[in-house]
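This report refers to the structure that appears directly beneath it.
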Amino acid sequence: MQILQPPDWLAPRGYANGIATRMRPGDTLVFVGGQIGWNAQQQFETDDFAEQVRQALANVVQVLAEAGGKPGHITRMTWYVKDKAEYVAAYPAIGRHYRELIGRHFPAMAAVEVADLIEDRAKVEIEVTAVVPAG
């Protein structure tokens, strides 16, 4: 993967402006559907924003692993949040959870405040695209 960073732009914090990757024979393009902060039994264990982020990221990692992928294979993330202020206030805890589960890998990313999510207790939904190399 190549991080796309125009040389005269300030470096983004916590994401990449773009990622380029070449698909080789045998590589797998993985699309992880929107993951929310519930567990494998589709039950919420918390209403804390940062903890729901942690669970959603853990869910992303688990789904990605089903295709043989790792967090470092993620090329794009989109975060849908119900409350921008709650998201911003949780930055420190979100950063800790992100580094714990994804590491210091920063794909192309967008965050969007939405009016609502389908599951009433969900505060965040995260979808991912990844390229898992052959072998």
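Laboratory data are not the source of any read-out in this text; all were calculated from the coordinates shown. Because the structure is predicted, anything quoted here is derived from the model rather than measured. No Cβ is skipped: glycine too gets one built from the backbone with ideal geometry, and neighbour counts run over all protein chains shown.
General remarks:
- Scanning the chain for chymotrypsin sites (Phe, Trp or Tyr not before Pro) lying in DSSP loops with no more than 16 further Cβ atoms inside 10 Å, the longest uninterrupted stretch between such sites is 16-135.
- Rounded to the nearest Hz, the phi-derived 3J(HN,Hα) couplings of segment 115-125 under the Karplus curve 6.51 cos²θ - 1.76 cosθ + 1.60 (θ = phi - 60°) are 5, 6, 10, 4, 7, 4, 7, 5, 10, 8, 9, where x marks glycine and proline.
- Working from label points 7 Å from Cα in the Cα-to-Cβ sense, the ASP8 to ARG121 distance is 5.2 nm.
- Karplus-derived HN-Hα couplings along segment 22-28 (A = 6.51, B = -1.76, C = 1.60, θ = phi - 60°), whole Hz, x at Gly and Pro: 9, 8, 9, x, x, 5, 10
- Counting only DSSP beta bridges whose two residues both lie in the chain, roughly 70 percent are antiparallel.
- Residue list for segment 113-132, given a label point 7 angstrom along the Cα-to-Cβ vector of ARG96 and an amide N cut-off under 19 Å: none
- Listed values [x] 44.9; [y] 7.5; [z] 8.7 include one computed from this model; for mean projected area of the Cα convex hull in nm² that value carries the label [z].
- Normalised contact order of the chain, rounded percent, pairs of Cα under 8 Å and 6 or more residues apart: 39 percent
- Compared with the direct C-alpha span, the chain from VAL112 to ARG24 gains 28.5 nm at full extension, assuming 0.36 nm per residue.
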